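Before any comments, here is the structure.
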Amino acid sequence: KLKKEGVLWMDFHEIQGLSEKLKSNVQKVIVGKSEVIDHLLIALIVSGHILLEDVPGTGKTLLAKSAARSLNMEFKRIQFTPDLLPTDISGLNYYNQKAEEFIFRPGPVFSNILLADEINRATPRTQSSLLECMEEYQVTIDGETRLLDRPFLVIATQNPIETQGTFPLPEAQLDRFLLKTKMGYPSTAEGMEVLKRFKEKQPLEEIKPVAAKEEVLKAQRSYSNTHVSDDILNYIMDIVERTRKHSDVILGVSPRGSQALLKCVQAHAILRGRSYVIPDDVKAMVKPALGHRIILKNTSRLKENYNMQILDQIVRDTLVPSEENLQKKGMEI
């Protein structure tokens, strides 16, 4: 372990070991979905939040619960509904007649892992109650600001095809999520394994914690030591600026989005066993990190997954730095 300013840090091998341990534990319940699990681990390592989107029954909630049970931290779940109030999330001050004073009752956000299930079923007013805590890790109630415990990870789920009784997340809310990813249907072989695994038992009930809060906090402090060359930074900015200039995009990726992509590629490199970033890390994280951050023109919004097609086109058209030179620089670190 590295010690910097009196605080224990992790090197990239230890962070990789932590992520592999967590991934292996989650895969005792979740069949396949290696890339989605990696995305969730990346969000955890870089102190971000993740939005899981797909049709019902694909394992979104099960993945969130499996990850929560793998971590020895406090977990809370909120079932979002149209009648849910902001105070049901953040907490409230209530008058205790016996004590003759107001007492604060904390809401579910005062936890380490928060599962926001079917987040688009709540009203915009309730959805917005998550904005402050997701970005600033604090909650302001009746003029008093209360800090949230760290680490704090929001895992939100939503169904993209059902529109009745739902409220689409506004751009400001979507921008708070580091990553947005889809579960997808399992392959035939994976579907067979799901049937066998869940035929006689419930694997989620048997899963045990394999990582402590302190380990996650060390990883969150240390991942940014991953080397990123100026060539990679230029590559990231080239991709970001192309989203702002695309003819079908009305609003491109913001500076927050470019920072999110940088954090993601650093964590992705660690998960692949490297202490430095290569272009493949950027290519792997462009769509989950930027896909929900670009706003298309009205005519383009009608085309299914067109934002992802645009990002694919941008990545193809963007000049890639020489991987050989990047590897040499990485080996010199």
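The values are calculated or read from the model by the stated rules, or taken from the named source; none is laboratory data. On a predicted model such as this, the values are computed, not experimentally measured, just so you know. Reconstructed Cβ throughout: ideal geometry from the backbone, glycine too, with neighbour counts over all protein chains shown. Each accessible area value is taken on the protein alone, full model and side chains, heavy atoms only, with ligands, DNA and RNA left out. Shrake-Rupley method; radii C 1.70, N 1.55, O 1.52, S 1.80 Å.
Rounded to whole Å and sorted largest first, what semi-axes of the equivalent ellipsoid does the C-alpha gyration tensor of the chain yield via the square root of 5 times each eigenvalue? Don't jump to the answer; show the numbers that get you there.
Numbers: eigenvalues 198, 126, 105 Å².
Those come to 31, 25, 23 Å.
Using the Kirkwood radius over Cα pairs, work out the Stokes-Einstein diffusion coefficient for segment 112-180 at 37 °C and 0.692 mPa s, in µm²/s as a whole number.
254
Bin width 5 Å, alpha-carbon pairs only: give the P(r) of segment 41-103 as whole percents, running from 0 to the bin holding the largest distance.
P(r) over segment 41-103, rounded to whole percents: 4, 11, 15, 19, 17, 14, 7, 6, 5, 2.
Between F198 and K213, what is the label-point separation in nm under the 7 Å Cα-to-beta-carbon projection?
With each label point 7 Å from Cα toward Cβ, the separation is 3.2 nm.
Given N residues in segment 207-263, what is Rg(Cα) / (2.2 N^0.38 Å)?
That works out to 1.63 for segment 207-263.
Give the residue list of trypsin sites (Lys or Arg not before Pro) in segment 169-200 that are DSSP loop and have at most 16 other beta-carbon atoms within 10 angstrom.
K199
Mind checking segment 52-153 for trypsin sites (Lys or Arg not before Pro) that DSSP puts in a loop (not H, G, I, E or B) and that have at most 14 other Cβ atoms within 10 Å?
Answer by residue number: K98.
For the chain, with only Lys/Arg (+1) and Asp/Glu (-1) charged at the beta-carbon, what is the dipole magnitude about the Cα centre, in debye rounded to 20?
In total the dipole reaches around 480 debye.
Percent antiparallel among DSSP beta bridges with both residues in the chain, to the nearest 5? All intermediate terms of the calculation are to be shown ahead of the outcome.
Working: 15 of 35 bridges.
So the antiparallel bridges amount to about 45 percent of the total.
Each label point is 7 Å from the Cα along the Cα-to-Cβ direction; what then is the distance between the points at D312 and F102, in nm?
Distance between label points: 5.4 nm.
Can you tell which of S128, L92, L71 lies farthest toward the positive end of the dipole of segment 1-156, using +1 and -1 charges on the Cβ of basic and acidic side chains (Lys, Arg; Asp, Glu)?
Sorting the options by dipole projection puts first L71.
Can you divide the C-alpha Rg of segment 1-136 by 2.2 N^0.38 Å and report the result to two decimal places?
Against the compact-globule rule of thumb, the ratio is 1.27.
Mind jotting down the distance between the C-alpha centroids of segment 168-183 and segment 56-128, whole Å?
Here the answer is 18 Å between Cα centres.
A 21 angstrom limit on the alpha carbon distance is what I want to check against. Which of K21/K201; K23/K60; K23/K182; K208/K287; K76/K98; K21/K76 exceed it?
K21/K201; K208/K287; K76/K98; K21/K76
Whole-Å semi-axes of segment 234-276's equivalent ellipsoid, largest first, each the root of 5 times a Cα gyration tensor eigenvalue? Before the final figure, lay out the partial values.
Values: eigenvalues 127, 17, 11 Å².
One finds semi-axes of 25, 9, 8 Å for segment 234-276.
How big, on average over all directions, is the shadow cast by the Cα convex hull of segment 123-275, in nm²?
Answer in nm², one decimal: 14.6.
Once neighbouring chains are kept in place and the probe is 1.4 Å, which whole percent of the accessible area of the chain is contributed by carbon and sulfur? The partial results should precede the final answer.
Working: 8270 of 16580 Å².
Summing carbon and sulfur atoms, their accessible area is 50 percent of the total for the chain.
Suppose every K and R has +1 on its Cβ and every D and E has -1 on its Cβ; what is the size of the dipole of segment 46-199 about the Cα centre, in Debye to the nearest 20?
Here the size comes out at about 720 debye.
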